[in-house]
Number of protein chains: 2
Amino acid sequence: MKIYGMTAPNPKRVRMFVEEKNLEIPFETVDLAAGDASERFGNRSPLGRLPVLELDDGTLISESVAICRFLELEYPNPPLMGVGALEQAEVEMWNRRIELGLFRYIADYFQHTVPFFKDSVHQVPEYAEAAKASAREQLAWLDGALADRRFIAGDSYSIADITAQVAIDLGTPSVITIGTGLKDLSRWHTEVSARASAR
Amino acid sequence: MKIYGMTAPNPKRVRMFVEEKNLEIPFETVDLAAGDASERFGNRSPLGRLPVLELDDGTLISESVAICRFLELEYPNPPLMGVGALEQAEVEMWNRRIELGLFRYIADYFQHTVPFFKDSVHQVPEYAEAAKASAREQLAWLDGALADRRFIAGDSYSIADITAQVAIDLGTPSVITIGTGLKDLSRWHTEVSARASAR
C-alpha cells in the first residue's frame, strides 16, 4: 500500500488516522501545482484531489473517509470508527456534524480568501465572511457539546476527533480560533494535541 | 424505531434507503417552521436538522448517512453500502464524491436563492451562481464516469445512487438539469427513477 498526499487538511486526516492505527504505510508527497498530477502521479485521482490510497494490486481509493473506512475494516484495532452498529452510527454522526459544520466552513473561508485558490475557486468575499461567522458559531456549539464528554463522539478517541482537530488547526493561524470562553473545547484541544498523531 | 422527517432532500435519502431495504419504519413529519421543533418534536436534534432516527430505547441518531449506516449494519440485506472492505470503501468514495460535489453545490444554490432560507442562511447571489456552475461541471463529470458502469459505484445499486438521484431531482425543477448531451447520466437517471423507492 501507498498513500499519495500533500501538506493539506485532508491528507493530514489520513496521516493521523494511519498513525493512530500504528500502521506504517509509505506516504508520497505529490506537488499538484508543479505538474506532478500529469507526470509522476498520473491520473490516479479523477477529480485531482488528494489523498489517494493505492493498494498493491493498483486499486485506487480516494476521499479521506473512504480510505479511513478501508483501513478500519482491514485493521480493526484500535477502533477509530466505533464498534457495533450503534457506536459506528454515533461516530459517523459526530464526524459528519464536524465535517458539514465546522470543517466545511473553515475550509470554505480559506478557499474563498487565500490567493492559492484564486484560479480553482470563484472566490466570493461576502460568502467567506458568512462562512467565518458560521464556523465561529460551530465552535461555540461544539464547546457546549463537549461539556459532558471527553472526546467528540463520547468516551473514546475517534475519527471525529481527527476531523475536528484538523479543522481547528486550519483555522487557528488566521482568525477562526477557540475563544478564551470555550473552556471545554480548549480542554479537549489540549488533550488531542498532545497525542503522537498530532505531531 | 421511528424516523422524524419532513419533505426535504435529506429525509428523502433516508426514506429511499428504508424502502430499498424493504423495512417498515414509521415516518413522522415534523414541521419545523410551525413550532414542532419546540413542542411535539422536542429537542431531539441538537442542530435542529432532520431526519432523526429514534430507537425504541429513546436513543437518537441524526445525520442521514449515520442513520443509513445503522440500518445497513442491523439489516445487511440487500446491501446498499458495499460488502467487504474494498467494496465498502468504494461505495463510500462514490457517495462522498456525489455529496461533496454535486449534492453540495445544488443544495448551496438552493439555500442561497430560495426565499425559504433567507432567515437561516446569509444568502450571497454571486456564490449561488458559482455553485450552479460547479454543479453543472459535476453533472458532466458524472456522465463521463457512468460511461462504463451501470450504477454510480459499479454494478450494484447503492447509497451513492440515492444521493445522486436526490441531488439531481432537487436541481431539476429549476435550472440545474441533465443536459441532452449527457447520455449516460440520462440512461442512469431513467433506470433509478423507475425503482419503487423513487416514488
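The values are calculated or read from the model by the stated rules, or taken from the named source; none is laboratory data. All of these numbers come straight from a predicted model, not from anything done at the bench. Here Cβ is always computed from backbone atoms with ideal geometry, including for glycine, and neighbour counts include all displayed protein chains. Heavy atoms of the whole protein, side chains included, go into the accessibility calculation; ligands, DNA and RNA do not. Shrake-Rupley method; radii C 1.70, N 1.55, O 1.52, S 1.80 Å.
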Q. Given the residues A:Tyr127, A:Tyr105, A:Tyr109, which is the only one that is surrounded by 18 or more Cβ atoms within 10 Å (Cβ to Cβ), part of a helix (DSSP H, G or I) and more than 12 Å from every other protein chain (Cβ to nearest Cβ)?
A. A:Tyr109
**Q.** Any chance A:Glu99 is touching a Pro at 6+ places or on another chain (Cβ under 9 Å), open to solvent by less than 40 Å² (accessible area, probe 1.4 Å), assigned to a helix (DSSP H, G or I) and within 26 Å of B:Ile98 (Cβ to Cβ)
**A.** no
Q) Can you tell which of A:Leu53, A:Leu73 is modelled with pLDDT of 95 or more and under 24 Å from B:Gln138 (Cα atoms)? A) A:Leu53
Q: Go through segment B:131-156 and give me each residue that's part of a loop (DSSP other than H, G, I, E, B) and more than 15 Å from B:His189 (Cβ to Cβ).
A: B:Ala153, B:Asp155, B:Ser156
Q.
Just to verify a result, which residue in segment B:68-85, among those that are of a type outside the set (Lys, Arg), open to solvent by less than 60 Å² (accessible area, probe 1.4 Å) and at the interface with chain A (Cβ under 7 Å from one of its Cβ atoms), is farthest from the chain's Cα centre (by Cα)?
A. B:Ala85
Q: Report whether or not A:Phe116 is more than 10 Å from chain B (Cβ to nearest Cβ), open to solvent by less than 50 Å² (accessible area, probe 1.4 Å) and either touching a strand residue (DSSP E or B) at 6+ places or on another chain (Cβ under 7 Å) or not basic (Lys, Arg) (or both).
A: no
(Q) With within 14 Å of chain B (Cβ to nearest Cβ), crowded, with 16+ Cβ neighbours inside 10 Å and under 20 Å from B:Val83 (Cα atoms) as the only criterion, which of A:Ser45, A:Ser62 stands out? (A) A:Ser62
**Q.** Matching residues in segment A:63-95 - criterion: being in contact (Cβ under 8 Å) with a residue 60 or more places away in the chain and of a type in the set (S, T, N, Q)
**A.** A:Asn95
Q) Quick one: would you say A:Glu92 is within 30 Å of B:Pro51 (Cβ to Cβ), open to solvent by 40 Å² or more (accessible area, probe 1.4 Å) and among the acidic types (Asp, Glu)? A) no
Q. If B:Leu55 passes every condition in (1) surrounded by fewer than 17 Cβ atoms within 10 Å (Cβ to Cβ); (2) touching a Cys at 6+ places or on another chain (Cβ under 7 Å); (3) not small (Gly, Ala, Ser) but one, which one does it miss?
A. (2)
Q: May I ask you to list the residues in segment B:140-180 that are of a type in the set (Gly, Ala, Ser) and open to solvent by less than 60 Å² (accessible area, probe 1.4 Å)?
A: B:Ala140, B:Gly144, B:Ala145, B:Ala153, B:Gly154, B:Ser158, B:Ala160, B:Ala164, B:Ala167, B:Gly171, B:Ser174, B:Gly179
